[in-house]
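Since the structure comes first, as structure tokens, the remarks are kept for the end.
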Amino acid sequence: MIDSRTAIAFIGGGNMASAIIGGLLQQGTPATSINVVEPLPAARQALVDKYKVRVHEQVGEFLRDTGLVVWAVKPQIFKEVALALAPEVGQALHLSVAAGIASDSIALWLGNERIVRAMPNTPALVGLGMTGLYARPAVGAAERQQVERIATSVGEALWVEREELLDAVTAVSGSGPAYFFYVLEAMTEAGVALGLGREQAYRLAVQTARGASELAHRSDEPAELLRQRVTSKGGTTHEAITTLEAGGLKPLFAQALQACARRARELGEEFGKG
């Protein structure tokens with residue numbers, strides 16, 4: 001549980017902020033210790049109705065007592081908002097979930113070196129997220145533990161010791177759910193083409209993905225070995241895998257993840273320092 005004496009402020013109250021707030025409350029963090037700054041009326045009302053946290057249209061004096069600020073704003077407005085709030089939150093620990101924005105830029109805008117960057121993903125919305133974390137050297141061990149407790153309130157967390165590796169985290173897990181949804185789309189379409197109803201095909205695909213993921217999660221064996229165990233040579237699965245390999249699926253995935261990581265770097269350059 002996060003120390004109840006530590007006030008937490010979320011700058012931005014969208015889906016990811018909402019997921020983290022929900023996780024914190026489940027851990028036992030008092031709703032009264034959480035403030036959210038969210039300009040959209042509908043989003044503010046949703047947070048109040050669901051979590052009973054303190055929600056504000058604009059910043060106020062409450063920020064001066066904040067020990068931890070979670071930045072959940074869009075990359076393109078991060079600089080503007082950070083520069084405006086720096087005088088109010090300069091002494092806090094800062095956690096950014098904004099994609100691509102380098103900690104050098106955040107430190108420059110806030111005048112603060114105690115910054116952690118996080119790359120979560122959307123399964124955090126159901127408590128099954130995966131979050132990559134990077135802390136600048138000024139962040140202490142106790143502060144790293146505090147941030148890790150926040151990240152694990154919505155799933156699992158993994159620290160990287162070089163910030164540039166967050167681009168790889170983005171490529172693998174940050175954007176990763178979309179790849180699996182894309183596969184579900186493709187499997188559903190293929191099932192329909194084979195004669196199944198769309199609802200039948202989608203249900204089969206979703207539960208298969210769910211079961212395979214849980215099997216991999218519980219196993220100490222690599223995915224390659226798990227695949228081989230259901231791929232008898234000359235059998236039906238072997239025929240399908242051979243077709244996927246002939247189509248160059250693995251190299252295509254490599255190209256896709258490289259493009260994703262490259263775009264993450266570009267976002268940092270586009271909306272970063274300056």
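Pick from segment 212-242 the residues that are farther than 21 Å from Phe180 by Cα and among the polar types (S, T, N, Q): which of them is modelled with the highest pLDDT?
By that ranking, first place goes to Thr236.
Which numbered condition in (1) within 23 Å of Ile115 (Cβ to Cβ); (2) surrounded by 18 or more Cβ atoms within 10 Å (Cβ to Cβ) is the only one that Arg64 fails?
(2)
When you scan segment 202-274 for helices (runs of 4 or more DSSP H) that lie fully inside it, which ones turn up with 1 or more residues that are surrounded by 11 or more Cβ atoms within 10 Å (Cβ to Cβ) and touching a helix residue (DSSP H, G or I) at 6+ places or on another chain (Cβ under 7 Å)?
On the way: elements: 223-229, 236-246, 249-271.
Where helices (runs of 4 or more DSSP H) fall fully within segment 202-274 and carry at least 1 residues being surrounded by 11 or more Cβ atoms within 10 Å (Cβ to Cβ) and touching a helix residue (DSSP H, G or I) at 6+ places or on another chain (Cβ under 7 Å), they are 223-229, 249-271.
Give me the pairs: first residue in segment 42-68 and free of Cβ contacts under 8 Å to residues at least 24 places away in the same chain, second residue of a type in the set (Gly, Ala, Ser) and surrounded by 12 or more Cβ atoms within 10 Å (Cβ to Cβ), beta-carbon distance under 6 Å, and six or more apart or on different chains, which are they?
Filtered contacts from segment 42-68: Lys52/Ala31.
Out of all the residues in segment 213-245, which are in contact (Cβ under 8 Å) with a residue 12 or more places away in the chain and among the basic types (Lys, Arg)?
Once the filter is applied, which keeps residues that are in contact (Cβ under 8 Å) with a residue 12 or more places away in the chain and among the basic types (Lys, Arg), segment 213-245 yields only Arg227.
Output the residue which, of all residues in segment 96-129 that are aliphatic (A, V, I, L, M) and touching a Pro at 6+ places or on another chain (Cβ under 7 Å), is farthest from Gly12 (Cα to Cα).
If we filter segment 96-129 for residues that are aliphatic (A, V, I, L, M), which is where we start, we get 97-99, 101-102, 106-108, 110, 115-116, 118-119, 124-126, 128.
Imposing the further condition that a residue be touching a Pro at 6+ places or on another chain (Cβ under 7 Å) reduces the set to 97-99, 101.
Numbers: Val97: 10, Ala98: 10, Ala99: 14, Ile101: 16 Å.
Per the stated criteria, the residue is Ile101.
Here's the yes/no breakdown for (1) assigned by TED's automatic domain parsing to the domain that holds Met16; (2) crowded, with 20+ Cβ neighbours inside 10 Å:
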position	(1), (2)
Ile115	yes, yes
Met119	yes, yes
Leu128	yes, no
Gln146	yes, yes
Ser153	yes, yes
Asp167	no, yes
Ala171	no, yes
Phe181	no, no
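Can you tell me which of Ser103, Ser96 is in the same structural domain as Val154 (by TED's automatic domain parsing), hydroxyl-bearing (Ser, Thr, Tyr) and in contact (Cβ under 8 Å) with a residue 60 or more places away in the chain?
Result: Ser103 is the single residue among Ser103, Ser96 that is in the same structural domain as Val154 (by TED's automatic domain parsing), hydroxyl-bearing (Ser, Thr, Tyr) and in contact (Cβ under 8 Å) with a residue 60 or more places away in the chain.
The values are calculated or read from the model by the stated rules, or taken from the named source; none is laboratory data. In this text, all values refer to a predicted model and were calculated from it rather than measured experimentally. Methodologically, a virtual Cβ is constructed for each residue, glycine included, from the backbone with ideal geometry; neighbour enumeration extends over all protein chains shown.
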